[in-house]
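Since the structure comes first, as structure tokens, the remarks are kept for the end.
Coordinate-derived values only; no laboratory data. Here the structure is a predicted model, which means the values were calculated and not measured. Glycine gets a Cβ as well: all are built from the backbone with ideal geometry, and neighbour counts include every protein chain shown.
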Amino acid sequence: MRQWFPRVSSLTLALAAGTTVAVGAAGVAGAYLYSARHSESLLESAREMARTQGELIQAALEHQMMEDDRTLIAQMIETFGRQPNIERVVLLDRKGTPQFSSVPIDKAAADFTPGSPTCRVCHEMPAAARDTSRVLDTQGGTVLRTVIPVRNQPKCQQCHDPSHRINGVLMLDLNTEAIRAGMDRDLRRMVFGTGVLTLALITGIAVLIRVVVLRRLQKFETAARAIAAGDLARRVPSRGSDTISWLAREFNTMADSMTNLVGEVQGQQQRLETIINSIDDGIVVLDPDRTIVAANRAFVARTGDVRAHVLGCGCRQAGVPGVCGVGDCPTLACLGSKARQVRICERRRPDGQTAWEEVHASPVLGSSGEVRLVVEVWRDISDRRTAEARLAESHRLASLGLLASGFSHELNTPLATVLTCVEGILRDAGEAVTDADRSYVQESASIAREQLLRCRGITQHFLRLARGHASPVELIDIAAGLEAAVRLVQPTARAHGVQLTLAGPLPAVHARAVDAELQHVVINLVLNAIQASAPGGRVELGLAPGDPVRIVVRDHGCGIAPEQHARIFEPFFSARPGGTGLGLFLSLTFVRQWGGDLSVSSEPGRGSTFEIRLPAAAGEATRASA
């Protein structure tokens, strides 16, 4: 439907109001100046007419004065007083006394006394500043009074004193009401004409502004609205060389830049959406009311709905079913703490299966520190939880296997020693018993007893490990432990034909450790040294005080190959056929639990040296130095 009336904007109203005020002010100023000038012109015309009439009257009166006909003079003045617009005519002598008047002489005498207001207006001024005509306010109204002096001419000096310059004064009062009526009439006409002219001028200016300015500016508004609505190709006509044309070209340049910028932003947005949608993790952005404002394809797939239904919905509404199954909402916690939150929740998939999700909620803070948005990242950890469960089961089985292997390894050593001792006792029991044999049998029985007690200690130790309890660490005598270990291993050394020596006498050294485990470590190292030595070889065990306390086990056997040197402390690694690979691993573990360390130096074909370093007990280092 066509719009018959143009839309009135604030700019149109402002221009119309400004133009009206400007033209109206100009018209009022012009009318005022014209009125003032016209009034002065009318008054000047009235003065000229009054002077002319006065001079005519003066000439007529002078002629009658020469004849000295006073009656005729009075009639003439009365006749002149009845002329249109003439208020009155008064002839005064040189003393200011009215002699003839067109109005009653007594009234004229009252008006022309020296103290009357009409006379005082002129007489208070210097003679040089007085004018022949003046507008005066009288009791009868406003009049234009013209004063014409009757000069003492030579022809008048027959009756008047020649020494006088003026014989009298002729006063002619003109009624100004007609003049004012004409002025008012002319003013009304002028105001009407000025109003019509002003209206025509305002109309012309308004039409000109609308055609030349507003209509062209409306094209800017239309183009701006079209660009804002998505029509990025819309431009403003820029023909011409005036200011608006220049502004149109600048507007089009700005629109081109904005179009390019919008294109780049849209391209980046599409690339960003493509990247986000290619992520398998669900990404969703929520406002402080937990309303979904953005989501990627993976999150929408988790809801089992479409994007149009998900966006704008609350995360707990029916439009997004089964997404969040955690009681402690990470978004609420993030809004309250303004810090990143991590939750594990159980989600029901659209196919009815259960999935585990790890939800990371991160806040997006505003300039004043408030949480404006919360970004949630949903990661499906169902496979990871399954793998972790399997790994935990594998670790549990490996731990049980390691415990069983260690238990078997630890128990086999004392049992082998007990078996050797018992076999010796049985062998010697069938022969003649001598004092030497009896001593040997007692020693073997004592060793068997110690090894059985050690088996019991090992069993209790592994039971504590199975229950998660560690053996108590206490201050022990290192020398006594080494002597006990040597007694236990000595039968095995004799069986292998290896000489086991203990460097002595051993100093009294104490350290914090577990006595049974320390004996286990020493026995394990000595047995490895015996097994690495050939028959007739020698194994040396020594103790050096200080801080740390050093226990040295040295053999002269086959040594360790360089490629095996870095792996000998790994579990289940053994360079000896039939070995479990747990002896050195457990020994290193025990020593490090006490704050010490176990190291080895070896050369193939020339033997190996194992060194146990334990932190000395308080005061041991001082006594060693002394």
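Ranked by the mean number of other Cβ atoms within 10 Å per residue, highest first, peptides 356-364, 44-52 order as 356-364, 44-52. Once the Cβ-Cβ distance between Q99 and E44 is put in as r, and R0 is 25 Å, what FRET efficiency do you end up with, to the nearest 0.05? It comes to 0.25. Karplus-derived 3J(HN,Hα) values for the range 143-149, using 6.51 cos²θ - 1.76 cosθ + 1.60 with θ = phi - 60°, are 10, 9, 9, 10, 10, 10, x Hz; glycine and proline are entered as x.
Protection proxy ranking of 167-177, 82-92, 183-193, by the mean of other Cβ atoms within 10 Å over each peptide's residues and highest first, is 167-177, 82-92, 183-193. Expressed to the nearest 5 percent, the antiparallel share of DSSP beta bridges inside the range 475-626 is 85 percent. Normalised by 2.2 N^0.38 Å, where N is the number of residues, the C-alpha radius of gyration of the range 198-275 stands at 1.56.
Subtracting the Cα-Cα distance of T20 and N252 from their residue separation scaled by 0.36 nm leaves 80.1 nm. Summarising the label geometry, the points placed 7 Å from Cα in the beta-carbon direction at A59 and Q218 lie 7.2 nm from one another. By its C-alpha gyration tensor, with a ≥ b ≥ c as the square roots of the eigenvalues, how is the range 474-626 shaped: rounded for a/c under 1.5, else prolate for a/b larger than b/c, else oblate? Verdict is prolate for the range 474-626.
Given axes a ≥ b ≥ c from the Cα gyration tensor, I'd like to know whether the range 480-557 is rounded (a/c under 1.5), prolate (a/b larger than b/c) or oblate. Prolate, because a/c is 1.5 or more and a/b exceeds b/c. Packing-based ranking of 549-555, 201-207 yields 549-555, 201-207, ordered from highest to lowest mean Cβ neighbour count within 10 Å. Placing a label point 7 Å from the Cα of N260 along the Cα-to-Cβ line, the residues of the range 201-243 whose backbone N sits under 16 Å from it are 233. Computed extension length for A495-E370: 36.8 nm, one decimal, from 0.36 nm per residue of separation with the Cα-Cα distance subtracted.
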